[in-house]
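Here is the structure we will look at.
What follows is calculated from the coordinates using simple rules that are stated; it is not laboratory data. The shown structure was predicted, so the numbers you read here are calculated from the model rather than taken from an experiment. All Cβ positions, even for glycine, are placed from backbone atoms using ideal geometry, and neighbour counts span all protein chains on display.
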């Protein structure tokens, strides 16, 4: 705690601060997956399996969009998001077979204040609850907090989306509260749950993620030896 000359409590000093850069990196390389900037031609076929009409309806309940019924329409969507600077969209690529099996994005970028959010987290069923899913989140957080130097990394979701809330907590995000009546989507109300990781706690959170992701933590058939919360 610091105090000013009038005896009022004030925040800790932030020196030599400068605004951050927008995300621009086309490839983030990992052990089990890579994140590749969305390329409509390269990723169309794989991602249409994730976003298209065969995608389970339950995967879209808490997303502000619906699955695509037409491949040409989906290609137009991919072209649009591939040109976007904010959000900056990535495809999640399985290193074993080079298939795109999901997407995520860095978004709501505030360069002046150093805040950025992970969003558009859309996973195929084969990606959910895998080490690739965890590593994809790890790679994006490393890029935002380590390489780009943001101070605050956010995760937001519908407060009723229990799997998303559990995923945020598992990854080390800290629950901050509920913004009531925050959004209207799909003709219904959304209260939004807010989570964050800040720069001062990232080193410990990063170390825990790296311990879990280490190849030595998995058996030959890919089963975890320790759960993330045990690392």
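Which value, in Å³ per residue, describes the convex hull spanned by the Cα atoms of the chain?
So the per-residue hull volume is 147 Å³.
Report, for the chain, the % of DSSP beta bridges that are antiparallel, rounded to 5.
90 percent
Could you tell me which of rounded, prolate or oblate describes the range 122-231, using a ≥ b ≥ c as the square roots of the eigenvalues of the alpha-carbon gyration tensor, with rounded for a/c under 1.5 and, failing that, prolate when a/b is larger than b/c and oblate otherwise?
Oblate shape, in that a/c is at least 1.5 and b/c is the bigger or equal ratio.
Counting alpha carbon pairs within less than 8 Å and at least 6 residues apart, what relative contact order, in whole percent, applies to the chain?
15 percent
Please list 25-37, 51-63 highest first by mean number of surrounding beta-carbon atoms within 10 Å per residue.
The densest-packed peptide leads the list: 25-37, 51-63.
Helix-only estimate, please: 222 nm mean residue ellipticity of the chain, summing -39500 (n - 2.57) across DSSP H runs of length 4 or more and dividing by its residues, to the nearest 500.
-8000 deg cm²/dmol
Any chance you could run the full-extension gain for residue 221 through residue 186? It's 0.36 nm times the residue separation minus the Cα-Cα distance, nm to one decimal.
Answer, rounded to one decimal: 8.5 nm.
Report, to the nearest 10°, how far helix 199-213 tilts away from the longest principal axis of the Cα atoms in the chain, using its own Cα long axis and a range of 0 to 90°.
The two axes meet at around 40 degrees.
Considering the chain as a Gaussian network with a 10 Å cut-off on Cα pairs, which listed residue, 137, 49, 129, attains the greatest mean-square fluctuation?
Largest GNM mean-square fluctuation: 129.
Once the Cα atoms of helix 131-141 and of the chain are each reduced to a long axis, what angle between those two axes, in degrees from 0 to 90 to the nearest 10, is obtained?
Here the helix axis deviates by roughly 40 degrees.
Using a simple spin-label model with points 7 Å from Cα along the Cα→Cβ vector, what separation in nm is obtained for residue 170 and residue 71?
The modelled label-to-label distance comes out at 3.3 nm.
Given springs between every Cα pair under 10 Å in a Gaussian network model of the chain, which of 15, 169, 192 has the largest fluctuation?
Looking only at 15, 169, 192, the biggest GNM fluctuation is shown by 15.
Assuming 0.36 nm per residue, please report the length gained on full extension of the stretch residue 59 to residue 128 beyond their Cα-Cα distance.
23.8 nm
Could you give the angle, 0 to 90 degrees to the nearest 10, between helix 71-82's Cα long axis and the longest principal axis of the Cα atoms of the chain?
30 degrees
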